Amino acid sequence: LLHAPIMVSATSEGGTTGTMEGGTTPIVVEDHGGLFFQSPYLASRMAVAHYHLREFEIAQECFVALRDRDPYRLEDLDVYSNILYVQENRIALSQLAHCASKVDKYRPETCCIVGNYYSLKTQRAKAVQYFQRALKLDRNYLSAWTLMGHEYVEMKNTAAAMEAYRRAVDVNERDYRAWYGLGQTYEFLNMHLYALFYYRKAAALRPYDARMWCAMAGCYLGLDRREDAIRAYERAVSHHDTEGIATQKLASLYRQDGNEEKAARCYLRHLELRHVATTPNRPQ
């Protein structure tokens, strides 16, 4: 097919400007003679788009295919390392870090990959060291600031975490992860009003992400604003809360309010989500 269109569901690194259901922005690229399909850059952008949509398995398949075609390409491989980190795939992450170091150990992408590897091994200080090394190579490398903020949170160094997240916001104010990280840090300090401000920033950039609304709801509960919390949890459910956090919390709140029927529906929905999460895929 000489003119087959390729549909890419894309989001920007710091958020999305899409208005379609699910928060995706469809991009149609006319593939003239397969030239675009063979482009490593386009393949990489597709993988990153799937990552930001939390379609980790599809993104991983894209990155594996890309590495098979171009094993010396390092661009966006730090995103691939984030996927392996979330999946807790230590072996694959170790192999990726080794390969990236062999290609070029003085690239910020390589430093972030190695930092993620040490983070997965809970060697926090060494992970921070590699993220700092990435920033020495590129002071505006967004992922390094954000990942370093995550490490400082795990180390309970809230001041350093805030500084890292603020630097990430300075680099790209549309990076929802930095705003969300700031919210988590203030929530960790029980400063719910401040945390709510930053969670709202994150939700404005990623309104289709149930995690943002769950985080806001938790702050509303901390501020004793039950009605606002219920509305936020309901918004999370409407945006496919696959983790079941919102349904469980909503059921508890409805039950406390004496609304047994709504509570029962939420508990049933939560059980359905848990069943889907724990049931392995069966061949058709």
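The values are calculated or read from the model by the stated rules, or taken from the named source; none is laboratory data. Quantities reported herein were computed from a predicted structural model and do not represent experimental measurements. Counting neighbours? That spans all protein chains shown, and the Cβs are built from the backbone with ideal geometry, glycine included. All accessible areas refer to the heavy atoms of the entire protein, side chains included, with ligands and DNA or RNA removed. Shrake-Rupley method; radii C 1.70, N 1.55, O 1.52, S 1.80 Å.
One table, with the values for the structure above:
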{"read-out": "Accessible carbon and sulfur surface of segment 107-207 relative to its total accessible area, %, 1.4 Å", "value": "48"}
{"read-out": "Hydrodynamic radius by Kirkwood, which averages 1/r over all alpha carbon pairs of segment 40-138, in angstrom", "value": "13.3"}
{"read-out": "Fraction of alpha-carbon pairs over 21 Å apart in segment 73-214 - percent", "value": "42"}
{"read-out": "Label-point separation in nm, residue 102 to residue 271, each point 7 Å along Cα→Cβ", "value": "5.2"}
{"read-out": "Residue-wise HN-Hα coupling along segment 201-214, computed from phi with Karplus coefficients 6.51, -1.76, 1.60 (Hz; x: Gly, Pro)", "value": "4, 5, 5, 5, 7, 9, x, 8, 8, 4, 4, 5, 6, 5"}
{"read-out": "Extension gain from residue 200 to residue 122, taking 0.36 nm per residue of separation minus the Cα-Cα distance", "value": "25.1 nm"}
{"read-out": "Distance between modelled label sites at residue 155 and residue 255, nm, 7 Å Cα→Cβ extension", "value": "4.1"}
{"read-out": "Surface accessible to a 1.4 Å probe, per residue, for the residues of segment 132-178, Å²", "value": "50"}
{"read-out": "Spin-label zone in segment 95-115 - amide nitrogen under 11 Å from a point set 7 Å from the Cα of residue 64 along the C-beta vector", "value": "none"}
{"read-out": "Relative contact order [Cα under 8 Å, 6+ residues apart], segment 78-166, whole percent", "value": "21"}
{"read-out": "Simple spin-label estimate for residue 231 and residue 173 in nanometres, 7 Å along Cα-Cβ", "value": "2.6"}
{"read-out": "Per residue accessible area in Å² of segment 56-102, where ligands, DNA and RNA are left out and the probe is 1.4 Å", "value": "55"}
{"read-out": "23 Å Cα-Cα threshold exceeded, pairs from 201/262; 105/126; 102/136; 121/156; 126/156; 102/156", "value": "201/262; 102/156"}
{"read-out": "In Hz, Karplus ³J(HN,Hα) per residue of segment 218-235 (6.51, -1.76, 1.60; θ = phi - 60°; x = Gly, Pro)", "value": "x, 5, 4, 5, x, 8, 6, 10, 4, 4, 5, 5, 4, 5, 5, 5, 4, 5"}
{"read-out": "Segment 157-227 - Debye-derived log10 I(q)/I(0), Cα point model, q = 0.13, 0.14, 0.19 Å⁻¹", "value": "-0.33, -0.38, -0.68"}
